[in-house]
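**Student:** The structure that follows is given in the form of structure tokens.
The values are calculated or read from the model by the stated rules, or taken from the named source; none is laboratory data. Computed from a predicted structure; not experimentally measured. No Cβ is skipped: glycine too gets one built from the backbone with ideal geometry, and neighbour counts run over all protein chains shown. Please note that ligands, DNA and RNA were not included when accessible areas were found on the heavy atoms of the full protein model with its side chains. Shrake-Rupley method; radii C 1.70, N 1.55, O 1.52, S 1.80 Å.
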Amino acid sequence: MSAAASMAELGDPRAPDLLHGLAHSTALEGVDRVMAAGLLAEFGDPRATDPLYALAHDTTLSWGYRVDAAETLVDLGDPRAADLLYALAHDTTLERRYRVQAAQSLAELGYPRAADAMSCLR
């Protein structure tokens with residue numbers, strides 16, 4: 001993963017394809033897949049959105065990384081991000097701090113149901 005990150009930082013034109021493959025690789029840990037998709041997004045590659053969306057839904061992934069993936073989708077302007085954050089804010093399998101993080105991101109977006117997401121955390 002670090003070699004792919006270095007390639008991306010150096011602007012190597014092979015980096016996007018490598019990062020795309022790593023973001024989809026089930027042989028990697030979830031954190032590495034989120035990192036690969038995030039670097040792909042930083043590279044400006046539109047293929048980053050689908051793996052990020054899938055990772056945000058991946059219940060085998062550490063809680064915080066799911067929210068991180070959703071927040072990266074927000075940064076990319078993906079229209080699915082707000083509904084995804086809303087769902088994460090209501091997901092009682094997540095630790096409370098990650099649910100709060102998702103709800104706060106919704107509020108920052110001006111999402112109409114952000115208040116509802118915050119109220120479910122009381």
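**Student:** Do the sum for the chain: with -39,500 (n - 2.57) for every DSSP H run of n ≥ 4, divided by all residues, what is the mean residue ellipticity at 222 nm, to the nearest 500 deg cm²/dmol?
**Tutor:** For the chain, the value works out to -20000 deg cm²/dmol.
**Student:** On a 0 to 90 degree scale, rounded to 10, what angle separates helix 81-90 from the longest Cα axis of the chain?
**Tutor:** 50
**Student:** Now a separate question. Which percent of the accessible heavy-atom area of the chain goes to carbon and sulfur, probe 1.4 angstrom?
**Tutor:** C and S atoms contribute 53 percent here.
**Student:** Would you tally the net charge around P16, using a Cβ to Cβ cut-off of less than 12 Å, leaving P16 out, and scoring K and R as +1, D and E as -1?
**Tutor:** Net charge in that neighbourhood comes out at -2.
**Student:** Expressed in nm to one decimal, what extension gain is obtained for the pair D12 and H90 from 0.36 nm per residue of sequence separation less their Cα-Cα distance? Intermediate values should be presented prior to the final figure.
**Tutor:** Working: separation 78, 0.36 × 78 = 28.08 nm, distance 4.02 nm.
That pair, D12 and H90, stretches by 24.1 nm at full extension.
**Student:** Further, regarding this structure: Please compute the Kirkwood hydrodynamic radius of the chain from all pairs of different C-alpha atoms, in Å with one decimal.
**Tutor:** The Cα-based Kirkwood calculation yields 14.6 Å.
**Student:** Provide the per residue accessible area, probe 1.4 Å, for the stretch 1-99, rounded to a whole number of square angstrom.
**Tutor:** 52
**Student:** Turning to a different aspect of this structure: Once you keep just the Cα pairs under 8 angstrom separated by 6 or more residues, what percentage relative contact order results for the stretch 37-122?
**Tutor:** Details: 96 pairs, mean separation 17.7, N = 86.
Computed value for the stretch 37-122: 21 percent relative contact order.
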